[in-house]
Amino acid sequence: MNSIVLLAPLLLAALTLDAAETPASRPRAMPVVSPEVQSGRRVTFRLQAPRAEEVVVMGQWPDGRTPMTKDAQGVWSAEVGPIDAGVWEYSFQVDGLAMIDPGNPAIKPMRQPRTSILHLPGDPPLLHDFRDVPHGALHQHTYVSKTLGRPRSMVVYTPPGYGLEPDRRYPVLYLQHGMGDNEATWTAHGKAHWILDNLIAQGRARPMTIVMLDGHAAIGGPTAFGGNSAAFELDLIDDAMPFIEANYRVAAEAKSRAIVGLSMGGEQALRIGLTRPDRFAWIGGFSAATPMRDAVKSALDDAASINAQVKLLWIACGRDDFLLRRNEDFIAVLKEKGIRHEWLLTEGNHSWPVWRGYLSQIAPRLFQP
């Protein structure tokens, strides 16, 4: 009996110690705030990485590489700025590994996500910023692609006032992304919906529906990229367009359809648009991976028909874009064949700040008399 009494305080102490050391009761570090926007558009980035040896923030803004320093709690930080107003991509490079900012829920939609988004609105607001104007709506769909034999995703923008006039049919823009992105990138990062909201509110663009498809139609394998364009075209024509025309109030005629894209999507838009002028009267390419001659041979061999059917062929590229030479060569072919077009050479490289500007420029041109 005495032995039990003597052991009880020891047992109680042991249990108390174990309870005190459970993970649930240990002090928790405060969440790391990143990015933190301060006055004068100065931004502090932070990352909890106590075992890292080197951390750098890599931003899309000029002089975007900034080394970070570690404090006693293992939090790395760097203050950057002032940073110009805009929508910027950035990543952390941790001992050579690129990663998103885990403190920032704004992530650029990509096939291999590794980029976070820093949105610094302008004062006054820029064209791609949210403004106090009537806004359209975004719709996410999964549709069955019988052509590809699997479900596919799309994002659809409908303009302000859509549905208020039951008999009204809207023109439709098929807007494509580049190789690293997906169907959500044009809205989550490109701000296409806000650009159109603002242009429509200003009376500069016609109300239109925008359809953004996943441009990656082929799946895996060493020949996937080569066959992707053909697979995407079949899915677009045989599955996506019928889905849109069955579920949305859009005009089903060439003069009310546009196809526009950037980089890989620019190739898709130029090739499909030029070879199917009976489907699309408005065509645009931003920093396009322009199609090979053989892919648009039917258009090159019949300039008169293209000029009669296509109302606008609009191609733009930046001076520092790695695809500039390819675009210049394509423009030379169009000139040689006598195909009417508009060519815009701008400042900038192969990046979203450039492409937002191009959408802002071409959208007011679409579907005009």
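Values in this text are rule-based calculations from the coordinates and carry no lab data. Treat the numbers as computed from the prediction; the structure is a model and nothing was measured. In this analysis, Cβ positions are derived from the backbone assuming ideal geometry, glycine residues included, and neighbour counts consider all displayed protein chains.
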The range 111-269 - Rg and Dmax from Cα coordinates, angstrom: 16.2, 49
Let me check I've understood the local charge: for A52, count other residues with C-beta under 11 angstrom from its C-beta, Lys and Arg +1, Asp and Glu -1. What total comes out? -1
Label corresponding to Rg and Dmax of the Cα atoms in Å when calculated from the structure given, among (i) 21.4, 65; (ii) 26.2, 110; (iii) 21.8, 74: (ii)
Of the listed peptides 157-168, 315-326, 50-61, what is their order by residue-averaged count of other C-beta atoms within 10 Å, with the highest listed first? 315-326, 50-61, 157-168
Label W343 and A201 with points 7 Å out from Cα along Cα→Cβ: what is the distance between them in nm? 3.8
Phi-based couplings in Hz for the range 305-320 (Karplus 6.51, -1.76, 1.60; Gly and Pro marked x): 5, 4, 5, 7, 9, 8, 7, 8, 10, 10, 10, 9, 7, x, 4, 9
Note on the range 95-162: alpha-carbon gyration tensor, axes a ≥ b ≥ c; rule is a/c under 1.5 for rounded, else prolate if a/b larger than b/c, else oblate; result oblate
Please compute the length gained on full extension between H119 and I237, using 0.36 nm multiplied by the number of residues separating them and subtracting their Cα-Cα distance. 38.9 nm
Long-range HN-HN contacts of G284 with modeled amide H, under 5 Å: I259, V260, G261, W314
Using amide H atoms built 1.01 Å from N in the peptide plane, name the residues 5+ places from H216, or on other chains, whose amide H lies under 5 Å from its own. none
Express as a percent, rounded to the nearest 5, the fraction of DSSP beta bridges in the chain (both residues included) that run antiparallel. 60
Can you classify the range 295-369 as rounded, prolate or oblate using the Cα gyration tensor, where a ≥ b ≥ c are the square roots of its eigenvalues, rounded means a/c under 1.5, and otherwise it's prolate if a/b beats b/c and oblate if not? oblate
Compare the peptides 62-70, 84-92 by average per-residue count of other Cβ atoms within 10 angstrom and give them in order, highest first. 84-92, 62-70
Using mean Cβ contacts within 10 Å as the protection proxy, how do 261-267, 330-336, 192-198, 362-368 order, highest first? 261-267, 192-198, 362-368, 330-336
Gain on full stretching of the segment that runs from A303 to D167 - 0.36 nm per residue minus C-alpha separation: 45.3 nm
Length-normalised contact order of the range 229-369 in % [C-alpha pairs under 8 Å, at least 6 apart]: 20
Identify all aspartates and glutamates with a Cα-Cα distance to K146 below 18 Å; exclude those on the same chain that are fewer than 8 residues away in sequence. D214, E233, D235, D238, D239, E245
Looking only at the range 272-293, which residues have a backbone nitrogen under 18 Å from a spot 7 Å from the Cα of A218 in the C-beta direction? 272, 289-293
Cα shape, the range 36-120, gyration tensor, a/c 1.5 rule: oblate
Given a Förster distance of 35 Å, the FRET efficiency implied by the Cβ-Cβ spacing of E79 and H139, rounded to the nearest 0.05, works out to 0.30
